[in-house]
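All of the numbers you see were taken from the coordinates with simple rules; none came from a lab. Bear in mind that the values here come from a model prediction, so they are computed numbers and not experimental data. Cβ atoms come from the backbone with ideal geometry, glycine included; neighbour counts cover every protein chain shown.
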Amino acid sequence: MIRIDILSVVPELLESPLSHSIVKRAKDKGLTQIVLHNIRDYGKGNYKQVDDYPFGGEAGMVLMIEPIFNIISKLKSEREYDEIIFMTPDGELLDQPMANRLSCKGNIIIICGHYKGIDHRIREHLVTMEISIGNYVLSGGEIPAAALVDSIIRLIPGAIGDETSALSDSFQDELLSPPVYTRPADFNGWKVPSVLLSGNPKSIDAWKEEQSLERTKKLRPSLLKGENEN
Ligand code: ADE
């Protein structure tokens with residue numbers, strides 16, 4: 001069972017992506033527990049303040065340390081955490097090996113930034129890992145967190161109906177997946193490759209392998225060189 005606590009000022013952004021499909025199934029089967037925490041519930045004073053102007057006079061608001069510190073302290077008093085992750089474009093790029101490693105963890109906290117950023121002391125003293133989903137800037141860490149959680153959950157054994165299907169994903173062996181087709185075999189003259197209709201498992205496997213390699217060479221050659229190309 002992997003427990004994931006996500007801290008955000010707009011947890012609503014995470015609700016839908018984490019309530020359907022494979023993630024929902026994994027939760028229903030008890031393979032994972034995902035708990036959303038609204039940072040605002042821990043805000044200071046009557047106004048539940050969670051952000052403030054930055055020292056040094058830059059534009060934009062900064063998420064304050066106290067509310068985030070208080071949630072993390074409460075969670076840590078209840079159980080041990082393996083990682084406290086902050087989603088940021090400054091972080092290490094998410095790739096399949098990282099998702100594989102995280103899917104073996106027990107308890108994880110994910111902090112989503114918003115506004116200009118979060119008080120840097122959270123990153124210095126509490127965060128154990130910073131993750132980026134790509135070299136572009138989004139409005140907050142919620143969509144990156146949803147992508148990260150999805151990439152982790154689908155790897156938990158039992159989350160996907162067909163146990164082998166996560167293992168045959170693109171990237172799992174540094175190769176892209178071969179193309180897939182379904183009925184009709186002939187759609188207005190656009191035909192499915194005949195080998196897939198041959199019923200010969202050996203030739204089908206050979207064709208899939210060749211397609212994987214060819215597509216990787218053509219579309220993502222850096223994967224073959226083992227480079228992180230993000
Ligand atoms: N927050 C904003 N942009 C992000 C990105 N690309 N990856 C992770 N967190 C982010």
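Ratio of alpha-carbon Rg to the 2.2 N^0.38 Å globular estimate for region 108-168, to two decimals, please.
On the way: Rg = 14.8 Å, N = 61, 2.2 N^0.38 = 10.5 Å.
In units of the 2.2 N^0.38 Å rule of thumb, it is 1.41.
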Discussion item. Need one number: nm distance between label points at Ser165 and Gln49, each 7 Å from Cα along Cα→Cβ, rounded to one decimal.
Written reply: 5.1
Fill in: Partner lysines for Lys217 [C-alpha distance under 22 Å; skip if fewer than 8 residues away on the same chain]
Lys208, Lys225
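If I take R0 = 35 Å and measure r between the Cβ atoms of Arg79 and Val137 in this structure, what FRET efficiency does the formula 1/(1 + (r/R0)^6) give, to the nearest 0.05? Intermediate values should be presented prior to the final figure.
Values: r = 33 Å, r/R0 = 0.94.
Approximately 0.60, to the nearest 0.05.
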Worksheet, complete the sentence: Under the Karplus relation with 6.51, -1.76 and 1.60 and θ = phi - 60°, whole-Hz ³J(HN,Hα) for region 175-190, x at Gly and Pro, equal 10, 6, 6, x, x, 10, 9, 9, 4, x, 5, 10, 10, 6, x, 7
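Of all GluC sites (Glu not before Pro) in region 73-137, which ones are in loop regions per DSSP and have a Cβ with at most 13 other Cβ atoms within 10 Å?
Values: sites: Glu78, Glu80, Glu83, Glu92, Glu124, Glu130; in loops: Glu80.
Passing both the DSSP loop test and the Cβ count: Glu80.
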Worksheet item: Mind listing the phi-derived Karplus ³J(HN,Hα) values for region 131-148, rounded to whole Hz, using 6.51, -1.76 and 1.60 with θ = phi - 60°, and x for any glycine or proline?
Response: 10, 10, 9, x, 7, 7, 10, 9, 6, x, x, 5, 5, x, 5, 4, 5, 4
Worksheet item: Once the Cα atoms of the chain are picked out, what are the Rg and Dmax in Å?
Response: 21.5, 70
Practice prompt. Report the label-to-label distance for Thr128 and Lys116 in nanometres (one decimal), using points 7 Å from each Cα along the Cα→Cβ vector.
Written response: 3.1
Worksheet item: Name the chymotrypsin sites (Phe, Trp or Tyr not before Pro) in region 175-208 that are in a loop by DSSP and that have at most 15 other C-beta atoms within 10 Å, would you?
Response: Tyr181
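Which FRET efficiency value, to the nearest 0.05, do you get for Tyr181 and Leu219 by plugging their Cβ-Cβ distance into 1/(1 + (r/R0)^6) with R0 = 25 Å? Mind dumping the intermediate values first?
Working: r = 18 Å, r/R0 = 0.73.
Efficiency at R0 = 25 Å is approximately 0.85.
I need the per residue convex hull volume for region 168-225, using only the alpha carbons, in cubic angstrom as a whole number.
Details: hull volume 5.2 nm³, N = 58.
Value for region 168-225: 89 Å³ per residue.
Which chymotrypsin sites (Phe, Trp or Tyr not before Pro) does region 1-60 hold that lie in a coil by DSSP with at most 15 other beta carbons within 10 Å?
On the way: sites: Tyr42, Tyr47, Phe55; in loops: Tyr47, Phe55.
Within region 1-60, the qualifying chymotrypsin sites (Phe, Trp or Tyr not before Pro) (loop, at most 15 other Cβ atoms within 10 Å) are Tyr47, Phe55.
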Item to complete: Could you pull out every one of the lysines with an alpha carbon less than 26 Å from that of Lys27, ignoring same-chain neighbours closer than 8 positions?
Response: Lys74, Lys76, Lys105
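Normalised by the number of residues in region 168-225, what is the relative contact order in percent for Cα pairs under 8 Å and 6+ residues apart? All intermediate terms of the calculation are to be shown ahead of the outcome.
Working: 37 pairs, mean separation 23.3, N = 58.
Relative contact order here is 40 percent.
Specify the longest stretch of the chain that does not include any exposed loop site, a site being one of the trypsin sites (Lys or Arg not before Pro) with a non-H, G, I, E, B DSSP assignment and at most 13 other Cβ atoms within 10 Å.
Values: sites that count: Lys29, Lys48, Arg79, Lys225.
That gives 80-224 as the longest site-free run.
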